[in-house]
Amino acid sequence: RLRREAAEYYQGQRVPERMEEALNTLFPLRPGDLYGELANYFSKFSKAPVICKLVGRKVLDGVGQPTLEVEIYCTVKNYEKRICSTIMASHSQIPENALPETIEADEKERKDSVHIAVEWVNESLNTMLRDLESTDQCQADKMLGEYFANKVEERKEIQKREEEEAAKVTPAPASCPPTPIPKQKKGGKPVKKVLVEENPIPPAEPAEPVLCGSLAIGGTSLAIAKAGATISRVPLYSYIALLKHNQESPKEMALPLPMVTLLNCEKNLPTKLKLVKEVMLIPPANLSLKQGIERIQDIQKEMTRLLESSGKMPGPQADSKKGKAQSSGKKAAPPPLKRISHLGCLTAGYDNLEQLLLLMQTACKNVGLELGADMYLAINCAAHELMDYDKGKYEILTGTFKSPGEMVAMYVEMIHNFPFIIALIDPLRKEDREQWSSICCALGSKCYLIAEDAATRISKLKTDQNINIAMCSGVVLKYINQTKVSDLIELTGILDGQRHITILGSPDAESLDESLVDLAVGLGARFLKLGGLSRGERVAKYNRLLAIEEELAANGTLREAKLEFIDFAGESQPEQLPDVLPAPEQD
C-alpha cells in the first residue's frame, strides 16, 4: 500500500518523466559535476522563492547617525535563506546655519524614527509580506503604500484628538484693547505715518512633515527589489530596467554622467561668498567613466595644492600682509590642515565668485585641461538657504542682497562670462515660479536649470501625471523615507515623457549601500550626484559605477551618454553640447 501511494505521489509530480529527461539530456554532456548539474536541472521545477522573514535593525550611516538596515530572508527549496540587505541613507531638512537646539531636536527625531522603523519591519511588515514572492515588486509596493497611508491617517487622528484636548484645557486669550491713535497737537508738527512695505516675495512653503518610521517603507521596498534581482540572477540595474520597461530588457544602456563634488563652500564660513554651496565637475560625455574620474582626480590634487599654498583651506589663517609677522617678531601661522567635508570633498570659502572660478580655471590649466572642452562645471546654489525674509531678497555675498528678478539677471551674466558652467542646481527657491520660468527661457538652451531642494518631495511631485514643480530642466530625486522603487519607476517615466532630465542624488548622510548607483543606471538617469571622491560610503558608489561600466562594455550594451539642453523659449528640439564651448566675449 505504501509503495503504491509513493508511486502515485511521484507520478503526480511527474518525477519519473523528468528524471528520464534529465538523464537523457546530461549523458551526452558528461558533466564533471553530475550531481551539481542534476541539481541545476531540477531547480527550474522548484517553487518560486517566497519571503519568509524580514529583519530590521538600527545601524550607523557614514557620519555616525542612526539609520535602518532591512534584511530579507526567503524560503528557497524548503530552506530559509538570507538573500540580501539594504541600508537606508538619511536626509535632513535642517540647513547648515540652523540653531543648536534645532539640530538637537532633529537628531532626537531621527533616533525616534529609526526606532519606530525597526519595530514596523520586525512586526507589522514581517507578518504582512510573509509568503509573498520576492519578484513581485508591484504587489509589495502596493501593500507598503497602503500600510503607510493607514499610518498617516492614524497619526492625523491622534493629532486631532491632541488638539481637541489642548483646546479644552487652554483658556481663551484675553482681548486686547485697541491701540489709541495719537492726536495731532494744535500748532504741532503732523505725526509721520510709517509705511510698512509688504513683502513682495511668496512666503516659504512649510516643510512637508516626515512621519516617524517612514524609513521602513523605503528600506523594505528596496530590499525586496535587491532580493528579486538576486533570485532572478541578474544585476540590480538590469532588474530595475526590466521593471521600468515591462520586462523588456533595453538593447543598450547609458551610464549617468557623474556630478563629482570638488568643493563644499559651507555657508557658515567667515568668507563673503554665500551663493555657492557645492562646486561639481562633470566630465565630457565622450570619455569613459574611468577616464573622467582620472581627470577629476588630477584637478582635485592641483586644487588642493593651490588652496594650501594660498591659505584658503580652513584652519589657522596666516596674515595676508607678509611683513607683519616678521616685524612683530612672531612666527607665521602654520599651514592649514586639509579638511574633508561630509560630502567627501574639500572645504573652502571665497570672497567672490570670480575668485573661485578663476582658481578653477588655473587648476585645470596647470594639469593641461581646459574648462569648457575637457571638463565642465555645475554649481549648487542652494538658494533656499540664501533668502533673507525680512528684506525679501537673497544674500549672495555678506551684506549684498538681490531680488529674485535681479538673481535671474545675475545668472544670465554668469553663464555669459563663464560658459563652462553647464548646470545650476537650485538657483532660486521653489516658491519663485515666475523667475524659474524667466531663467529657463533665458538660459535653458545653454545650461541645465535643476531643482533639488526647490522640488517638492517625491510623494508630492505626481499630480495627474504632471510634475508639480516650477519650470526647470530636471529634478534631483533622492531615495529617502517612504519612497518606493515603484515610485521612482513611475516618476522617471513621467519625467522622460515631459522632456525633463532625471538626476539621482545622494542624501547628506550616506551609507555603504551601493543600490543608488544601480537605481540610477536602471532608471536611465542623466546625471548621478554622489558627492566627492573621498569617504568610503561615497567612493564605494563610484567603484560600483565603474564596475557597471565594465560589465556593460563587456556585454556590448554600453551606449554613450549625451549632454543635451532644452530651448524653453523656442520649444525646439534639444540642443546638444558642442565639443568645445565658445570663449566668452572680452569687455
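The values are calculated or read from the model by the stated rules, or taken from the named source; none is laboratory data. These numbers come from a predicted model, not from an experiment. With ideal geometry, Cβ positions are generated from the backbone for all residues, glycine too; neighbour counts draw on all protein chains shown. Side chains included, ligands, DNA and RNA excluded: accessible areas come from the protein's heavy atoms. Shrake-Rupley method; radii C 1.70, N 1.55, O 1.52, S 1.80 Å.
Given that compact globular proteins tend to follow 2.2 N^0.38 Å, what is the ratio of the alpha-carbon Rg of the stretch 48-144 to that value?
Values: Rg = 16.4 Å, N = 97, 2.2 N^0.38 = 12.5 Å.
Against the empirical 2.2 N^0.38 Å value, I get 1.31 for the stretch 48-144.
At 1.567 mPa s and 4 °C, plugging the Kirkwood radius over alpha-carbon pairs of the stretch 1-98 into Stokes-Einstein gives what diffusion coefficient in µm²/s? Kindly include the intermediate steps, with their values, before the conclusion.
Numbers: Rh = 18.3 Å.
Estimated via Stokes-Einstein, D reaches 71 µm²/s.
Quote the charge dipole size of the stretch 360-514 about the Cα centre in Debye, to the nearest 20; the model charges only the Cβ of Lys and Arg (+1) and of Asp and Glu (-1). Show your work: numbers first, answer last.
On the way: 14 positive and 22 negative charges, 70 e Å.
Its charge dipole is roughly 340 debye.
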Accessible area of V15 in the full protein assembly, 1.4 Å probe (Å², nearest 10): 60
If the convex hull is drawn through the Cα atoms of the stretch 210-297, its volume per residue in Å³: 189
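Can you list which of the trypsin sites (Lys or Arg not before Pro) found in the stretch 499-574 are DSSP loop residues with at most 14 other C-beta atoms within 10 Å? Don't skip to the answer; put the middle values down first.
Working: sites: R499, R526, K529, R535, R538, K541, R544, R559, K562; in loops: R499, R526, R535, K562.
Of the trypsin sites (Lys or Arg not before Pro), the ones in loops of the stretch 499-574 whose Cβ has at most 14 other Cβ atoms within 10 Å are R499, K562.
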Distance between the stretch 426-449 and the stretch 259-305 - C-alpha centres, whole angstrom: 23
Accessible area per residue in Å² at 1.4 Å probe, computed on the stretch 1-45: 89
Portion, in percent, of the accessible area of the stretch 55-106 that falls on carbon or sulfur, probe 1.4 Å: 51
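Treating the beta-carbon of each Lys and Arg as +1 and of each Asp and Glu as -1, no other charges, what is the dipole magnitude of the stretch 1-45 about its Cα centre, to the nearest 20 debye?
On the way: 7 positive and 7 negative charges, 35 e Å.
That gives a dipole near 160 debye.
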Whole-percent pair-distance distribution, where bins are 10 Å wide, for the alpha carbons of the stretch 1-45: 25, 44, 24, 7
Surface per residue (accessible, 1.4 Å probe) for the stretch 212-316, Å²: 37
